[in-house]
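Take a look at the structure below.
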Amino acid sequence: MQIRFDNRVALVTGAAQGIGRAIATALVEAGATVHLADIDADGVAATAVEIGATPHVVDLGSAEAASTLIDTIVAQSGGLELLVHAAGGVRGQVGRPIEAISEAEWRVIFAANVDAAFFLAQAAAPAMKSTGHGRIVTISSGAGLRPSLTGIQAYSSAKHALVGLTKQLAWEFGPHGITVNSVAPGFVRSNPATERQWESYGPEGQKRLVESIHTRRLGSPTDIATATLFFLSEQAGWITGQVLSVDGGRS
């Protein structure tokens, strides 16, 4: 089965590094016209040059920012059919007792992971509905299905909310030819935050984690990109509202 995206316009958020970058790279290689969005100006610019995509520096935690981004992409490329929300993460936080968490720390993780996904889908809906075709994929997490290895309350809560949003949007958008699915990665060493987490486990904790995975290896950004491209493809046109755990069998 060959998956191609010739003449399709795609947006990948969180594309400066890690999983988002891998997804964007795979889309370019499969023929898509790809736009990248990230808060990291230098990182997203470097990725765009390397893979042949268009960069946008944006914080997507507001409806206005998401709407402006989508309007810009539609104006530049004539439409938008593929949307992958890979931005989010832990925003530099580490696991601490609930008594130590501030309101700002709680809200910033929800803004990046959930608010941005909602506002992007809201902004992209008119363009996708007008053509009767769209694919939306959210990058959730195993932390959206069970307690998080990070120990970060807001991260697990936000990823659970993202799974719920995915399912609700699938129900709403289905009649318009738009599918909405989620890929839930297992542990992937893909950015500085996951490297810090990995180091925090120490040799024994790392060994236990790997041994808890059926395939006895950690995942890679490419593993996640491969699953994401399937959900974006024409071949997945009758699949929606699904959450695919890509975690080596750990779930």
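The values are calculated or read from the model by the stated rules, or taken from the named source; none is laboratory data. Model, not experiment: these values are computed from the prediction. Using ideal geometry, Cβ is built from the backbone for each residue, glycine included, and neighbour counts are taken over all protein chains shown. Ligands, DNA and RNA are excluded from the accessible area calculation, which covers all protein heavy atoms including side chains. Shrake-Rupley method; radii C 1.70, N 1.55, O 1.52, S 1.80 Å.
Observations on the model:
Table: residues versus (1) open to solvent by less than 40 Å² (accessible area, probe 1.4 Å); (2) at positive phi; (3) touching a helix residue (DSSP H, G or I) at 6+ places or on another chain (Cβ under 8 Å); (4) modelled with pLDDT of 95 or more.
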site	(1), (2), (3), (4)
88	yes, yes, yes, no
91	no, yes, yes, no
94	no, no, yes, no
116	yes, no, yes, yes
119	no, no, yes, yes
125	yes, no, yes, yes
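- Scanning the range 192-217 for residues that are open to solvent by less than 60 Å² (accessible area, probe 1.4 Å) and either touching a His at 6+ places or on another chain (Cβ under 6 Å) or not in a helix (DSSP H, G or I) (or both) turns up 212, 213.
- Residue selected from the range 144-175 under the condition closer than 17 Å to residue 250 by Cβ and crowded, with 24+ Cβ neighbours inside 10 Å, by the criterion nearest to the chain's Cα centre (by Cα): 159
- Here residue 183 meets the list (1) among the hydrophobic types (A, V, I, L, M, F, W, C); (2) in a helix (DSSP H, G or I); (3) touching a helix residue (DSSP H, G or I) at 6+ places or on another chain (Cβ under 9 Å); (4) under 25 Å from residue 223 (Cβ atoms) almost entirely, failing just condition (2).
- The residues on offer are 75, 46, 63, and the sole one that is free of Cβ contacts under 8 Å to residues at least 12 places away in the same chain, surrounded by fewer than 24 Cβ atoms within 10 Å (Cβ to Cβ) and not acidic (Asp, Glu) is 75.
Let's see how each residue does on (1) of a type in the set (S, T, N, Q); (2) modelled with pLDDT of 85 or more; (3) closer than 17 Å to residue 85 by Cβ:
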position: 140; (1), (2), (3): yes, yes, yes
position: 147; (1), (2), (3): no, yes, no
position: 160; (1), (2), (3): no, yes, yes
position: 177; (1), (2), (3): no, yes, no
position: 181; (1), (2), (3): yes, yes, yes
position: 191; (1), (2), (3): yes, no, yes
position: 201; (1), (2), (3): no, no, no
position: 215; (1), (2), (3): yes, yes, no
position: 220; (1), (2), (3): yes, yes, no
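- Unmet criterion (only one of (1) more than 20 Å from residue 20 (Cβ to Cβ); (2) in contact with a Ser or Thr (Cβ under 6 Å, 6 or more places away or on another chain)) for residue 96: (2)
- Test result for residue 178, more than 20 Å from residue 229 (Cβ to Cβ) and open to solvent by less than 20 Å² (accessible area, probe 1.4 Å): no
- Any chance residue 189 is over 27 Å from residue 169 (Cα atoms), in contact with an Asp or Glu (Cβ under 7 Å, 6 or more places away or on another chain) and open to solvent by 60 Å² or more (accessible area, probe 1.4 Å): yes
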